[in-house]
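A short write-up of the structure that comes next.
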Amino acid sequence: MLEHALFTYRFNLGHIESLVKDLTDDQMVSQPNGVINHPAWTLRHLASSSNFLAKTLGLESTTPAEWDAPSPDGPSGDAAQYPSKAELLAALKAQHERVAEAVAAADPEFLAKDSDEQMRSYFPKVGDLVDYMLTAHEGTHIGQISAWRRAMGLKPTAE
């Protein structure tokens, strides 16, 4: 079943790219009509989340530590607090590549192990966490970017 989750993970990346392809760096941090989670925050969050998954799979962290720190006041509309769209997309792509490779090579016995204590109440097994992160987590944020586009008055994308 992992091949299906990996397909979705690849599909998600393409969908994300299509949702932001026409945006400027300034638009990436706009917060229209109270929609707080703008694309710059979302892409950074998804790259950081994939990095978390990579660490769960035994890989080293490769995102800047500040990306993992929660924003006490939530996402900021200040573009200076975020990398450019190109940098965010490059980081997300890099995380996707290494996570997909690690998932494809993951030992089924490792995936069947209990999740760590912090995650266990939500994801009893490591494989449960992996499946969620590859599919539903990104899907939730894809929906947020889609809603954000509508709040910005932008047309939907083909994906």
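The values are calculated or read from the model by the stated rules, or taken from the named source; none is laboratory data. These numbers were taken from a predicted model, which means no experiment stands behind them. Counting neighbours? That spans all protein chains shown, and the Cβs are built from the backbone with ideal geometry, glycine included. Surface areas here come from the heavy atoms of the whole protein model, side chains and all, with no ligands, DNA or RNA. Shrake-Rupley method; radii C 1.70, N 1.55, O 1.52, S 1.80 Å.
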(message) In whole Å, what are the extents of the stretch 1-126 along the principal axes defined by its C-alpha atoms, from largest to smallest?
(response) 46, 29, 26
(request) Distance from a point 7 Å along Cα→Cβ of SER71 to each backbone N in the stretch 118-159: keep the residues under 15 Å and list them by number. (result) 145, 148
(request) Kindly provide the pair-distance distribution of the stretch 93-159 built from C-alpha pairs, with 10 Å bins from 0 and whole-percent values in order of increasing distance. (result) 18, 36, 27, 16, 4
(request) For each pair in LYS93/LYS155; LYS85/LYS113; LYS93/LYS125, compute the distance between the two Cα atoms and list the pairs where it is over 32 Å. (result) LYS85/LYS113
(request) Quick one: pull the percent of accessible area on the chain belonging to carbon and sulfur, 1.4 Å probe, ligands and nucleic acids left out. (result) 54 percent
(message) For the chain, what does the relative contact order come out to in percent, with C-alpha contacts under 8 Å and a separation of six or more?
(response) 37 percent
(message) Quick check for you: with a 1.4 Å probe and neighbouring chains kept, what is the accessible area per residue of the chain, in Å²?
(response) 54 Å²
(message) Tell me the mean residue ellipticity at 222 nm calculated for the chain from its helices only (DSSP H runs of n ≥ 4, each -39500 (n - 2.57), averaged over every residue, nearest 500).
(response) -18500 deg cm²/dmol
(message) List the aspartates and glutamates whose Cα sits under 19 Å from the Cα of LYS55, skipping any in the same chain fewer than 8 residues away.
(response) GLU66, ASP68, GLU97, GLU101, ASP107, GLU109, ASP114, ASP116, GLU117, ASP128, ASP131, GLU138
